[in-house]
Amino acid sequence: MNAQEEEKPAPVLELDRVSKSFGGVRAAQEVSFSVASGHIHALIGPNGAGKTTLFNLITGIYPADDGSVLFEGRDVGRLEVYERVAAGIARTFQNVELFTGMSVLENVMVGLHVRTRCGFFGALAKWPWVRREEEQARGTALDWLKFVGLEKMAESQAGDLPFGWQRLVEIARALASRPRLLLLDEPAAGLNARETRDLGVLLRQIRTRGVTLLLVEHDMSLTMEISDRIVVLDQGRKIAEGTPREIQADEKVLAAYLGQGE
Ligand SMILES: Nc1ncnc2c1ncn2[C@@H]1O[C@H](COP(=O)(O)OP(=O)(O)O)[C@@H](O)[C@H]1O
Ligand SMILES: [Mg+2]
């Protein structure tokens, strides 16, 4: 292997000509790109471009009509959502999806179940070793809450938290499943300027822990600042890919956004 090859990290995620239609709407049309290990990779584009659809295809909410999704070289395109989580893919949702009636800590513990021996049904049975595991799980969940700066809120009801904090709980829950790839759907939406800056710092810290990130984001200053690479979608198609600097200078990208009136 020569020096140049060594420097190029292997892809964690590879999409090859992935397509998905909903009735007449072609939400993804032969989209191909790969995400290098250790990168922060962004997916941008006007509303309705197909960004969330791609996330759903990668995480297994529904299968692609065509094309393949490879995670660490393995075809995961037919796996169920929980199987992909177990394989190492986690996500957060465009509209935060927490169990609002459960505590903040319990929400993060949900993310841990995929990594514990007892699983969900074992947790109901309460055998002694299950109880030990439960205590460990509480400790680990608390560590993840510390990581996002919310350990003081552990016993609060998740639905009572301000929106920005709920987003952080969702990130902690995703991290608790120990992903190697984390997908974040508009993590800065609804955050104020300061929270957005803090989010940028947090995302970099997550990357430092060896997690590759793929994010959909409308906040362009955040996206341009933290992304190693950007893919641009418009009407289900990839119209550009490159570094933030390349994307900012790309006329096709400008046209796509102007066409939307943004
Ligand atoms: N489950 C679905 N059923 C029908 N149409 C859908 C569904 N999901 C997405 N679409 C359509 O696919 C297109 C892309 O949507 P989406 O992926 O949510 O875009 P984005 O996240 O980029 O705003 C839109 O036209 C949307 O209405
Ligand atoms: Mg979306």
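Where a number appears in this text, it was derived from the coordinates with a stated rule and is not lab data. Bear in mind that the values here come from a model prediction, so they are computed numbers and not experimental data. Because the Cβ atoms are built from the backbone with ideal geometry, glycine has one as well, and the counts that use them run over all protein chains shown.
Of note:
- The ranking of Lys152, Lys238 from fewest to most other beta carbons within 10 Å of each one's beta carbon is Lys152, Lys238.
- Highest-fluctuation residue, Val12, Val81, Val130 considered, GNM on the chain with Cα pairs under 10 Å: Val130
- Adding -39500 (n - 2.57) for every DSSP H run of four residues or longer, then dividing by how many residues the chain holds, sets the calculated 222 nm ellipticity at -12000 deg cm²/dmol.
- Distance (nanometres) between label positions extended 7 Å along Cα→Cβ at Ala249 and Lys146: 4.6
- Residues Leu258, Leu13, Leu70, Leu184, sorted so that the one with the fewest Cβ neighbours within 10 Å comes first: Leu258, Leu70, Leu13, Leu184
- Relative to the current alpha-carbon distance between Ser19 and Arg74, full extension at 0.36 nm per residue lengthens the span by 17.9 nm.
- Rg/Rh for the chain, where both radii come from Cα atoms and Rh is the Kirkwood radius: 0.98
- To the nearest ten degrees, helix 193-208 and the longest principal axis of the Cα atoms of the chain are 80 degrees apart.
- A simple spin-label model places pseudo-atoms 7 Å from Cα toward Cβ; at Ser156 and Thr100 they are separated by 1.6 nm.
- Beta bridges by DSSP in the chain, antiparallel share as percent, to the nearest 5: 55
- The percentage of C-alpha pairs in the stretch 8-76 whose separation is greater than 16 Å is 46%.
- Structure remark: mean-square fluctuation, Gaussian network model of the chain, C-alpha springs under 10 Å; the largest value among Phe71, Phe93, Phe22 belongs to Phe22.
- Put in order of Cβ neighbour count within 10 Å, fewest first, the listed residues Ser221, Ser19 become Ser221, Ser19.
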